[in-house]
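Okay, so here's the structure we're looking at.
Just so it is clear, none of the values below were taken in a lab; they were calculated from the coordinates. In this text the structure is predicted, and so the values were computed from the model without any measurement. Methodologically, a virtual Cβ is constructed for each residue, glycine included, from the backbone with ideal geometry; neighbour enumeration extends over all protein chains shown.
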Protein chains: 2
Amino acid sequence: MRRDIFQAIADPTRRTIIALIALQAMTPNALAEHFDTTRQAISKHLKILTECQLISQQQAGREIYYRLEVSKMKEIDSWLEQFRKIWEDRFNELDNILSTTKSDEK
Amino acid sequence: MRRDIFQAIADPTRRTIIALIALQAMTPNALAEHFDTTRQAISKHLKILTECQLISQQQAGREIYYRLEVSKMKEIDSWLEQFRKIWEDRFNELDNILSTTKSDEK
DNA sequence: TATATTTGAAACTGAATGGTTTCATAATTA
DNA sequence: TAATTATGAAACCATTCAGTTTCAAATATA
């Protein structure tokens with residue numbers, strides 16, 4: 001049971017759930033209507049998303065509203081940061097990394 | 001066999017591979033030295049990364065240099081774009097999404 | 001209070017995943 | 001040419017994963 005954000009967003013259903021509740025908090029039942037799977041399957045996805053803190057819940061009577069933890073989404077953004085440097089700084093000269101690596105001349 | 005970028009970066013070994021070749025193109029053997037697994041396991045990861053075009057290869061004699069396809073990495077960035085709007089625009093007023101959703105008044 | 005509704009948990013299942021060992025191929029090097 | 005080196009592919013295995021069906025609990029409604 002790994003269970004980090006990257007594993008969480010690997011599943012397309014979970015990515016859709018994330019996109020849906022990003023717009024507004026939703027209950028499991030309401031979410032399930034957007035999919036072909038059972039409500040229980042959605043419930044399991046919500047559990048996984050909760051475990052890695054990508055979403056949080058708020059009880060309202062017998063309903064539970066799930067909403068996105070935007071701050072956690074930023075962790076993906078942070079991981080991308082290291083590559084953003086590359087695709088910005090080295091964008092033009094990138095194609096010859098291989099040759100410089102191999103010969104190591106300069 | 002799904003095989004999209006999100007599934008590709010779900011595995012921690014693959015994320016490390018990506019980080020390594022982001023700095024400089026590398027051969028499977030050179031990469032394998034950074035891990036506790038066999039060279040063949042790394043080879044399989046490289047195959048997956050290649051299939052979703054996150055990396056590309058360039059033959060040099062009997063060696064094969066793998067390098068990161070930075071452009072493909074940007075697709076993750078693009079996906080994050082929709083949430084970036086939220087965490088920038090709605091950052092301060094976000095906490096009451098639930099209540100506005102439920103009553104739908106306003 | 002009896003019934004509906006909303007939800008999560010448990011047990012099970014088939015498919016996918018990540019790893020290993022073994023083997024084949026192609027390019028160097030002795 | 002023979003041996004070594006770099007690599008990918010195939011067969012196999014244990015574990016994880018996403019889904020289902022069934023069940024229990026808690027809240028709301030008649």
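The table below lists the values:
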item: Peptide B:35-42, shielding by other chains (average Cβ, 10 Å cutoff); result: 0
item: B from A by rotation - nearest chain A beta carbon to the axis, in Å; result: A:ALA10, 2
item: For peptides B:54-64, B:17-27, sequence by mean Cβ density within 10 Å, most packed first; result: B:17-27, B:54-64
item: Calculated label separations, B:GLU81, copies of the chain, 7 Å along the beta-carbon direction, nm; result: 2.3
item: Pairs from A:LYS47/B:LYS72; A:LYS74/B:LYS47; A:LYS85/B:LYS44; A:LYS74/B:LYS74 whose Cα-Cα separation, in the structure shown, is over 18 Å; result: A:LYS47/B:LYS72; A:LYS74/B:LYS47; A:LYS85/B:LYS44
item: FRET efficiency, A:TRP79 to A:ASP36 (Cβ-Cβ, R0 25 Å, nearest 0.05); result: 0.20
item: Copies compared at B:ASP4 - label distances in nm, ascending, label defined 7 Å from Cα in the Cβ direction; result: 2.1
item: Of B:ALA41, B:PRO12, B:CYS52, farthest towards positive along the dipole that unit charges on Lys, Arg, Asp, Glu beta carbons give region B:1-53; result: B:CYS52
item: Partner chain coverage, peptide A:57-66 - average Cβ within 10 angstrom; result: 2
